[in-house]
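Beneath this line is the structure, given in C-alpha cells, with notes to follow.
The values are calculated or read from the model by the stated rules, or taken from the named source; none is laboratory data. Worth saying up front: this structure is predicted, and the values here are computed from it rather than measured. Don't worry about glycine lacking a Cβ; one is built from the backbone with ideal geometry, like all the others, and counts go over all protein chains shown.
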C-alpha cells in the first residue's frame, strides 16, 4: 500500500535525522564541555558545569552511533529495529531534556539552541513511531514483515543517507547563530568533517536511489566492482611476472 510505504520512509527519515542531530549534538558540545574555561566571559557560566556537559557529550555520541545502526536495521526491516528505535528516541529525549533544562537554568534563555531543536525533533519522531504502532496503521507500515528485495531497501536507505548528508552540509546555516564567539562561528572548527562526511552521505544516498530506480541489485554492484578491480590489477601483475 502506497500510504504504508510513505509512512515507512517518513519514519526512517525522521529516525535518520534524529540520529544525526543526536550525534552532532554530542560532538558539537565538546567545545563547551572541555574548553569552556578557555573562552573567557562568553562561556564563563558553563565552567562549573563542565563535568556535567562532558557526560552529555559521551551519552549523546553513543546514542547517535546507536541511532545510525538502528536506522539501517529499520531500513532492512530487522524485527528488533522498531523497538530499538523507540528506546533510542526515548533515551535521547530524556538526555536531551536534561541537557536543555540545565542550559535554560545557566543561560536564562527559554529555548537554548541548538539543543532545543534536537529535543523537538526527537519528540516529534517519538510521537510518530508511537502513532505507527496503532494496530490499523501498523499493518500498513509493514515493519514486522520480512525484508523486501534490494530495490525497496536501496530507496529507503538512499533517502535516509541523503537526509543525514543534507543536515551535515547545512549545519553552519542552522547551528551557526548559536555558536558565535567574538564574531567567529565555532561550527567552522568542524567544517571540514561536516562537508566531507555530508558530501559522502549525499553521494551514497544518490547512488542508492539510482540503484533502486534502475533496479540494480547489490550483487550486480559487487560484481562490477570486482571486475573493475581485476581489470586494474591484472596489468600490474603481468608486469611483475
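Structure summary
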read-out: Flag for residue 41 being over 18 Å from the mean Cα position of the chain (by Cα), loosely packed, with under 14 Cβ neighbours inside 10 Å and in contact (Cβ under 8 Å) with a residue 60 or more places away in the chain; value: no
read-out: Residue under evaluation residue 67, criteria (1) under 12 Å from residue 122 (Cβ atoms); (2) not in a helix (DSSP H, G or I), criterion not met; value: (2)
read-out: Within region 64-83, considering residues that are under 17 Å from residue 23 (Cα atoms) and touching a helix residue (DSSP H, G or I) at 6+ places or on another chain (Cβ under 8 Å), the one surrounded by the fewest Cβ atoms within 10 Å (Cβ to Cβ); value: 65
read-out: Qualifying residue in region 138-155 (condition: out of contact with any helix residue (DSSP H, G or I) (no Cβ under 7 Å at 6 or more places or on another chain), at pLDDT 70 or above and more than 30 Å from residue 29 (Cα to Cα)); value: yes
read-out: Members of region 161-187 found to be modelled with pLDDT of 70 or more and either in a loop (DSSP other than H, G, I, E, B) or surrounded by fewer than 13 Cβ atoms within 10 Å (Cβ to Cβ) (or both), listed by number; value: 170, 173
read-out: Selected residue [under 23 Å from residue 85 (Cα atoms), surrounded by fewer than 20 Cβ atoms within 10 Å (Cβ to Cβ) and in contact (Cβ under 8 Å) with a residue 60 or more places away in the chain] from 27, 61; value: 27
